[in-house]
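Engineer: Got a structure for you, written out below as structure tokens; questions coming shortly.
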Amino acid sequence: MRCIRMKPISAIGISDNGRYFVDRQGSPIFWLGDTLWELFRCFTPETALPILRNRQAKGFNIILIMLTGVDHVHVNPELGKPFVNIRGDAPWVNGDPLNPDERYFQHIDTMIRLGEQTGQIFVVGIYHQWHRDLITLSKARPWARWIAERYRDVPNLIWSMYPRAEPDYVPVCRELAAGLQEGDQGTHLISVHPDPSVASSSFMHTEPWLAFNMIQTCIDYEQIYDTVTADYNRIPVKPVIMAEGGYEGVEFGRLQTAYEIRQQAYWTQFAGGYHVYGHNDAWINPERWQEWIDAPGAQDMQRFREIITAIDDWWDFVPDPCLIMAEASSEGQPTVAGRATDGRWILAYLSEPGTVTLRLTDAVSGSRYRVEVINPATGEKLPAMEYFPQVAHTVTTPVGWQDTLIYIEASP
């Protein structure tokens, strides 16, 4: 196994088949992200370190951050925060991206080193649509070149930008990408996170510098599986990131539960993508980090990672809804399925209590097969059962479970 589109300095690249991420040795990286948009702006190193260590312990290895933070005063006076960091430093002198404030970036230098120390890869947003009047078309390339040159030799970075998914934003994104590539000689991957829009693929997919697609569905949970599936099937093949869905906690006046947050992750995984978690208070009330750092949804993400990565060759997963012969559930939430390319195993996920019948013919190879039923909320596994080959296998959600994961593998 080897990687492509990856320079030696970078800690992350993309596999030959374009489906997943790899490290310097070409070994698969399981992307599990968290959104800490305000990490550079609202935290001291002393506070950031325990947060990053917590994320490391939970298996998060990707952190999404806005270089300047979010919701600035000049954008939304009611929700906004001063356009300065916790030390009182602004990113640019007099708001000019071509005149960076060294003190602001020294603070970022320290934070990036903490990320390296805790094994995190930072996805850093260098542009937001709110910057449109500051990072103009003429300033985009030199600004991007400057930041890329500064961090050219830092391994744990990915560059991102946050335009609207509209044709008017394409020229500035191209200039930013050109500046980034000039500044670091293509060392780091680049992506686009449209905000608020659904997918970067809708207007950027064929850009040669776009390493992978990012999706934002907000609390429109029903869009996740179909949107990730559409991006998974695009040509050229690129990895797909469900970068921003519903945030755990109270968002848009409604509590987004750990159960819903967990469903997002599994729907993304079963559509062939990779997931990013988020808690609403991480950017609305970052100073209350001790209240949200161990939220139930974050703990579910730890179990999610442990369950998926325990599967041999998890990166060999192929979405396959044809495995589902019949299903019945209480609320009509999707049941999803997939398999290894060579038929060594299949996976299915019941989003809610119900029953599913899975097609085994031509799906699981071997003289016998073994079935595990797993509770995603707790990690509990029912005793594994072994069966002789048959056309199909039916599983019903155990009493008291909200959702269910089914793992079927071929036995010798």
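The values are calculated or read from the model by the stated rules, or taken from the named source; none is laboratory data. In this text, all values refer to a predicted model and were calculated from it rather than measured experimentally. A quick note on method: Cβ atoms are made from the backbone with ideal geometry, for glycine too, and the neighbour counts reach across all protein chains shown.
Engineer: Quick one: which of Phe40, Phe30 is over 25 Å from Phe317 (Cα atoms) and at pLDDT 95 or above?
Structural biologist: Only one candidate qualifies: Phe40.
Engineer: For segment 372-394, give me each residue that is in a strand (DSSP E or B), over 29 Å from the mean Cα position of the chain (by Cα) and surrounded by fewer than 19 Cβ atoms within 10 Å (Cβ to Cβ).
Structural biologist: Those that are in a strand (DSSP E or B), over 29 Å from the mean Cα position of the chain (by Cα) and surrounded by fewer than 19 Cβ atoms within 10 Å (Cβ to Cβ): Met385, Glu386, Tyr387, Ala392, Thr394.
Engineer: When only residues in segment 101-124 that are of a type in the set (A, V, I, L, M) and part of a strand (DSSP E or B) count, which is farthest from Trp31 (Cα to Cα)?
Structural biologist: Val124
Engineer: For segment 297-331, enumerate the residues that are more than 18 Å from the chain's Cα centre (by Cα), in a helix (DSSP H, G or I) and not charged (D, E, K, R).
Structural biologist: Pro321, Cys322, Leu323 - these are the residues of segment 297-331 that are more than 18 Å from the chain's Cα centre (by Cα), in a helix (DSSP H, G or I) and not charged (D, E, K, R).
Engineer: Working carefully through the options Leu98, Leu79, find the one that is hydrophobic (A, V, I, L, M, F, W, C), at pLDDT 95 or above, surrounded by fewer than 21 Cβ atoms within 10 Å (Cβ to Cβ) and in a loop (DSSP other than H, G, I, E, B).
Structural biologist: From the options Leu98, Leu79, the qualifying one is Leu98.
Engineer: Tally time: how many residues in segment 351-369 are assigned to a loop (DSSP other than H, G, I, E, B), surrounded by 21 or more Cβ atoms within 10 Å (Cβ to Cβ) and hydroxyl-bearing (Ser, Thr, Tyr)?
Structural biologist: Residues in segment 351-369 being assigned to a loop (DSSP other than H, G, I, E, B), surrounded by 21 or more Cβ atoms within 10 Å (Cβ to Cβ) and hydroxyl-bearing (Ser, Thr, Tyr): 1 in total.
Engineer: Being in contact with a Gly (Cβ under 9 Å, 6 or more places away or on another chain), among the β-branched types (Val, Ile, Thr) and over 15 Å from Glu175 (Cβ atoms): is that true of Ile121 here?
Structural biologist: For Ile121, the condition - in contact with a Gly (Cβ under 9 Å, 6 or more places away or on another chain), among the β-branched types (Val, Ile, Thr) and over 15 Å from Glu175 (Cβ atoms) - is met.
Engineer: State all residues of segment 310-321 that are surrounded by fewer than 14 Cβ atoms within 10 Å (Cβ to Cβ) and of a type outside the set (Asp, Glu); if no residue qualifies, say none.
Structural biologist: Result: Ala310, Val318.
Engineer: Considering segment 133-157 alone, what residues qualify as being surrounded by 22 or more Cβ atoms within 10 Å (Cβ to Cβ), among the β-branched types (Val, Ile, Thr) and under 27 Å from Val22 (Cβ atoms)?
Structural biologist: Result: Ile147, single match.
Engineer: All but one of (1) over 19 Å from Trp130 (Cβ atoms); (2) surrounded by fewer than 22 Cβ atoms within 10 Å (Cβ to Cβ) hold for Asp168; which doesn't?
Structural biologist: Looking at each condition in turn, Asp168 falls short on (1).
Engineer: Name the single residue, out of those in segment 322-344 being over 15 Å from Trp267 (Cβ atoms) and out of contact with any helix residue (DSSP H, G or I) (no Cβ under 9 Å at 6 or more places or on another chain), that is surrounded by the fewest Cβ atoms within 10 Å (Cβ to Cβ).
Structural biologist: Among them, the one singled out is Ser330.
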